[in-house]
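Here's the structure we're looking at; comments come further down.
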Amino acid sequence: MNKNKIIFYVSTGLLTLLMLFSVSMYVFNNPEIVKAFQGMGYPTYLIYPLATAKVLGLVALWFISDKSLKEWAYAGFFFNTLLAFFAHVMIGDGQQMGAVIGFVLVIVSYISSKKING
């Protein structure tokens, strides 16, 4: 296995774990997430659709061969992590490092996928 494939699988695997952790928090720790969303000024009805979108994005990255769907999934993760970073910075809760890690993983996974898939 070449270097680019290893980078892709590690970064995408870590991104998957991060997103699945996020989804599990949305579902199994919902009262705490509702408070967090309210604290950031976001409507709480976005929690379950966002969790669903994250799962569908992961399915697209791992199991769908259509390149345009993968691009949309990466775009969704890009904007999700970018906006999460700024939301945490704006309210000053100090929780932005998870978003930074997610953002870096999205970028590394995307670039390495381009190198191995063309």
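Remarks
- Exactly one residue among 98, 102 is part of a helix (DSSP H, G or I), modelled with pLDDT under 95 and over 19 Å from residue 63 (Cα atoms), and that residue is 98.
- Every pair of residues 6+ apart whose Cβ atoms lie under 8 Å, when the first sits in the range 1-19 and is surrounded by 13 or more Cβ atoms within 10 Å (Cβ to Cβ) while the second is assigned to a helix (DSSP H, G or I) and of a type in the set (D, E, K, R): 4/115; 8/115; 19/54
- Test: residue in the range 68-76 that is under 20 Å from residue 42 (Cβ atoms) and either free of Cβ contacts under 8 Å to residues at least 24 places away in the same chain or assigned to a helix (DSSP H, G or I) (or both): yes
- Being open to solvent by less than 70 Å² (accessible area, probe 1.4 Å) and outside any helix (DSSP H, G or I) is a property that does not hold for residue 57.
- Looking across the range 69-88 at every residue that is open to solvent by 60 Å² or more (accessible area, probe 1.4 Å) and over 14 Å from the mean Cα position of the chain (by Cα), the one that is nearest to residue 17 (Cα to Cα) is identified as 69.
- Residues satisfying the criterion are absent from the range 31-47 (criterion: in contact with a His (Cβ under 6 Å, 6 or more places away or on another chain) and at pLDDT below 95).
- Flag if residue 26 is assigned to a helix (DSSP H, G or I), surrounded by 15 or more Cβ atoms within 10 Å (Cβ to Cβ) and of a type in the set (Ser, Thr, Tyr): yes
The values are calculated or read from the model by the stated rules, or taken from the named source; none is laboratory data. Quick caveat: nothing in here was measured; it's all calculated off a predicted structure. Cβ: placed from backbone, ideal geometry, glycine included. Neighbour counts: every protein chain shown. Please note that ligands, DNA and RNA were not included when accessible areas were found on the heavy atoms of the full protein model with its side chains. Shrake-Rupley method; radii C 1.70, N 1.55, O 1.52, S 1.80 Å.
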